[in-house]
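Chemist: Please see the structure below; I have some questions.
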Amino acid sequence: MQAHRRKILLGAVAAVSAVAAVTAVGAASRKDPAGPPPSADFAATCTPEAMTAVVAGLGAGIEVKQVPNGPQLPRGTKLVPAAGRVPAYCQVTGSYVTNPKTGKKAHFLATFPERWNGKYLQLGCSGSCGYLLMNDPAAPPITITAQGYPGQLIEKGYATFGNDLGHVAASPVAMGSDWLKAADGSLDVDALEDYLFRADFVMADMGKAYTRAFYGRVNGAGARITRSYFSGCSQGGREALIAATRFPEKFDGIIAGSPVVNQSGILWHGMARALFARDTAPAKLTPGQIGLLKSRVLDVCDGLDGVKDGLIQNPAACQIHPRDVPICRPGEAGDTCLSKAQADSVSLYFAGVTDPAGNLVQPGMPMSDQGYGFVAPVPAGMPIDADMRFLVGKAFDGIPLATAREGGPGQIDALHAVVDAAAYRKYLGVLRRGTVMPEDFAKLLKSKARLLWYHNLSDEILTPFMSINAYKELAERHGGYASLRTRIRFFGVPGTGHCGMGGDGPSNFDAASALEDWVEKGAAPNALLARQLDPAFNNLLMGKVDWSRPALRTMPLCAFPQMAAYKGTGDIKRAENWECRASDTRMLQLGASGLQSGVRR
């Protein structure tokens, strides 16, 4: 179970080097020209004493204080002066009660810009959560969480709130799960409920009440929230989908990026690969072997969208079977072939997971250009057998939870993971409140809320086929794509890694403005302008993002099932030479790769 949180995954890759980044970028930001000093009323409200008065009577047991897992604000409050385009803002940390019956608490981070736009924005976190960083709009990694550029949300005037999902991690990248065990070694149901949905559910009301009280005190009059939004990527993407399906009435618009759709399926895919790696000890692919596979995939798949440009717009359309790799003959070694164990590991990575009857449990990874370094051995922190057994219980002692099988039944015949159906159902049942299934979206579709959903198509951490399968099924259930797109729009981001970290494709776009235009102006996004940032001046992991510099490449991201179409003339690296065509359905095309990964027909 240790991975039950480590799990959600290396979406915590998102936080790599983030602490150092905060220091480095903070130093750089101090060189920005200072803006006007905050008003006396705003400054007077951003003090520990005033904040204590602000939260008094709001309910939810709110305490303003310094927290162990976020910005270290003395007594929980800090006034930050204006710098450059970013106005002065007040940051507050503390805790709130998520379960009045038990007194269970979660930590929060609130950011109040002096120039408030009247809107509330709740931000998801990443990885296993437990730390207030990826949902901090003042910290550089917010670019990964919410797209755009550091400081944009403060600049736009949003009052933002984030939480740690009810537990404390030692660092932004810590992935342990001891917090899920009660003192007697049993499952801490209170902690699990906070993680799955409750911390966000309670915050949706608490954060709005706090926002109204704060700006009411600043202005000396009642404050009204005009719009409410939610945004997150990875773990935060799962949180966004939970908000969309469990309590959409609390938000006008929601952004879900590269989300954990079915965390149970993800974990069992990882467990099966871990068991295989334990038993066969496949060697890690060499750079030469990785280059061999990448080259073959690009040769076969790159031109399927009509342009050889290094981007695979629809990895599910590739006509490559996971077993179609050169296997070394006895005594042969080198970069031109793979060992049998390596080839098996490749197949398990790309092929979908099924139950014994061939029903899909979890799609495999995209055969594009990001994930080969993750093929073998299984990445550190992936779940292992004992972790899963903690949740399924002793009834499954002695029963293999997952095995590897080649052949059917079902559409997947490559070597793939097969899970024990009863054990998987038990595990899914434990996590069901925090797992999103297509049948869960009916409430959203009856609400006023809009959902902007995207997934990086070369995501090496969370397969994009989870999102694509879910969106396809939603279209089948709710009258087709044209009907579905009135409330939910999905965008694939080709050639890009998890939450836009890595890859050769344009991955950075203004998600917040796109959602605002849809919700507030009725202008539904048919295309999102994406930018490929120059790595010489921009590094998402280190929090350096300079939108003032020309992008290396721009391209429209088209609403599914459309795919960006080259107009036939002009620089292929400029967005104006591409278009999204209403009649285009090329993202529905399937080849051997997509079928073996378990992509829905």
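The values are calculated or read from the model by the stated rules, or taken from the named source; none is laboratory data. Note that the structure is a prediction, hence the values are computed from the model and not measured. Neighbour counts are summed over all protein chains in view; Cβ atoms, including those assigned to glycine, are modelled from backbone coordinates with ideal geometry.
Chemist: Consider region 189-211. How many of its residues are without any contact (Cβ under 8 Å) to a residue 60 or more places away in the chain and in contact with a Phe, Trp or Tyr (Cβ under 7 Å, 6 or more places away or on another chain)?
Modeler: 1
Chemist: Which residue, of SER467, SER483, is hydroxyl-bearing (Ser, Thr, Tyr), touching a Phe, Trp or Tyr at 6+ places or on another chain (Cβ under 8 Å) and at pLDDT 95 or above? Reasoning before the result, please.
Modeler: Numbers: SER483 fails: touching a Phe, Trp or Tyr at 6+ places or on another chain (Cβ under 8 Å).
Exactly one residue qualifies, and that residue is SER467.
Chemist: Testing LEU292 on (1) surrounded by 24 or more Cβ atoms within 10 Å (Cβ to Cβ); (2) over 30 Å from CYS580 (Cβ atoms); (3) hydrophobic (A, V, I, L, M, F, W, C); (4) in contact with a Cys (Cβ under 9 Å, 6 or more places away or on another chain), one condition comes back false. Which one is that?
Modeler: Answer for LEU292: the failing condition is (1).
Chemist: Please go through region 308-317 and give me each residue that is over 18 Å from GLY497 (Cα atoms) and touching a residue at least 12 places away in the same chain (Cβ under 8 Å), ordered by number.
Modeler: Residue satisfying the conditions is ALA317 alone.
Chemist: Separate question: Consider ALA240 carefully, then state whether it is within 17 Å of MET466 (Cβ to Cβ), surrounded by 24 or more Cβ atoms within 10 Å (Cβ to Cβ), in contact with a Phe, Trp or Tyr (Cβ under 8 Å, 6 or more places away or on another chain) and of a type outside the set (Ser, Thr, Tyr). Step through it out loud before you land on a result.
Modeler: Details: within 17 Å of MET466 (Cβ to Cβ): yes; surrounded by 24 or more Cβ atoms within 10 Å (Cβ to Cβ): yes; in contact with a Phe, Trp or Tyr (Cβ under 8 Å, 6 or more places away or on another chain): yes; of a type outside the set (Ser, Thr, Tyr): yes.
Answer is yes for this residue.
Chemist: Would you mind finding the one in SER548, SER513 that is within 21 Å of the chain's Cα centre (by Cα) and among the small types (Gly, Ala, Ser)? Let's see the steps before the verdict.
Modeler: Values: SER548 fails: within 21 Å of the chain's Cα centre (by Cα).
The conditions single out SER513.
Chemist: Here is a follow-up. Residues being surrounded by fewer than 24 Cβ atoms within 10 Å (Cβ to Cβ) and under 17 Å from the mean Cα position of the chain (by Cα): count how many of those fall in region 243-252.
Modeler: 1
Chemist: Tell me, please, whether a residue that is of a type in the set (D, E, K, R), part of a strand (DSSP E or B) and at pLDDT 95 or above can be found in region 157-176.
Modeler: Applying the first criterion (of a type in the set (D, E, K, R)) to region 157-176 yields 164.
In the following step, the residues that additionally are part of a strand (DSSP E or B) were identified as none.
The answer is no; no qualifying residue exists.
Chemist: Scan region 295-323 residue by residue and report those that are acidic (Asp, Glu) and either closer than 16 Å to LEU590 by Cβ or outside the structural domain of SER345 (by TED's automatic domain parsing) (or both). Before the answer, list the steps.
Modeler: If we filter region 295-323 for residues that are acidic (Asp, Glu), which is where we start, we get 299, 302, 305, 309.
Residue satisfying the conditions is ASP305 alone.
Chemist: I'm trying to understand the selection: among the residues of region 192-218, which are of a type in the set (Ser, Thr, Tyr) and over 11 Å from ALA159 (Cβ atoms)?
Modeler: TYR195, the sole residue that qualifies.
Chemist: Mind telling me which of the residues ARG601, ARG586, ARG549 ends up being in contact with an Asp or Glu (Cβ under 8 Å, 6 or more places away or on another chain), outside the structural domain of ILE312 (by TED's automatic domain parsing) and farther than 30 Å from GLY127 by Cβ?
Modeler: Values: ARG601 fails: in contact with an Asp or Glu (Cβ under 8 Å, 6 or more places away or on another chain); ARG549 fails: farther than 30 Å from GLY127 by Cβ.
Going through ARG601, ARG586, ARG549 in turn, just one is in contact with an Asp or Glu (Cβ under 8 Å, 6 or more places away or on another chain), outside the structural domain of ILE312 (by TED's automatic domain parsing) and farther than 30 Å from GLY127 by Cβ: ARG586.
Chemist: Related question: Check whether at least one residue in region 495-505 is modelled with pLDDT of 95 or more and either within 21 Å of PRO248 (Cα to Cα) or not polar (S, T, N, Q) (or both), and report yes or no. Quick ask: steps written out before the conclusion?
Modeler: First, pick out the residues of region 495-505 that are modelled with pLDDT of 95 or more: none.
The answer is no, given that none of the residues of region 495-505 is modelled with pLDDT of 95 or more and either within 21 Å of PRO248 (Cα to Cα) or not polar (S, T, N, Q) (or both).
Chemist: Still on this structure: Under 8 Å between Cβ atoms, at least 6 apart or on separate chains: pull out the pairs that start in region 266-291 with a residue that is under 20 Å from ILE399 (Cβ atoms) and end on any residue that is among the aromatic types (Phe, Trp, Tyr).
Modeler: Close Cβ pairs satisfying both conditions: LEU267/TYR427; TRP268/TYR424; TRP268/TYR427; ARG273/TYR349.
Chemist: Counting just the residues of region 54-81 that are among the small types (Gly, Ala, Ser) and within 30 Å of the chain's Cα centre (by Cα), which one comes out surrounded by the fewest Cβ atoms within 10 Å (Cβ to Cβ)?
Modeler: Kept after step one, since they are among the small types (Gly, Ala, Ser), are these residues of region 54-81: 56-57, 59-61, 70, 76.
So of that shortlist, the ones also within 30 Å of the chain's Cα centre (by Cα) come out as 60-61, 70, 76.
Working: ALA60: 20, GLY61: 16, GLY70: 25, GLY76: 24.
Here the residue is GLY61.
Chemist: Please list, ordered by residue number, the helices (runs of 4 or more DSSP H) wholly in region 407-523 having 2 or more residues that are touching a residue at least 40 places away in the same chain (Cβ under 8 Å).
Modeler: On the way: elements: 421-431, 442-445, 465-477, 481-484, 511-521.
Filter on region 407-523 gives 421-431, 442-445, 465-477, 511-521.
Chemist: Filter region 179-213 for residues that are part of a helix (DSSP H, G or I), among the charged types (D, E, K, R) and either over 19 Å from the mean Cα position of the chain (by Cα) or not assigned by TED's automatic domain parsing to the domain that holds VAL168 (or both) and give the result.
Modeler: We begin by selecting, within region 179-213, every residue part of a helix (DSSP H, G or I); these are 179-180, 189-213.
With among the charged types (D, E, K, R) added as a condition, the list becomes 190, 193-194, 198, 200, 205, 208, 212.
Residues satisfying the conditions are ASP190, GLU193, ASP205, LYS208, ARG212.
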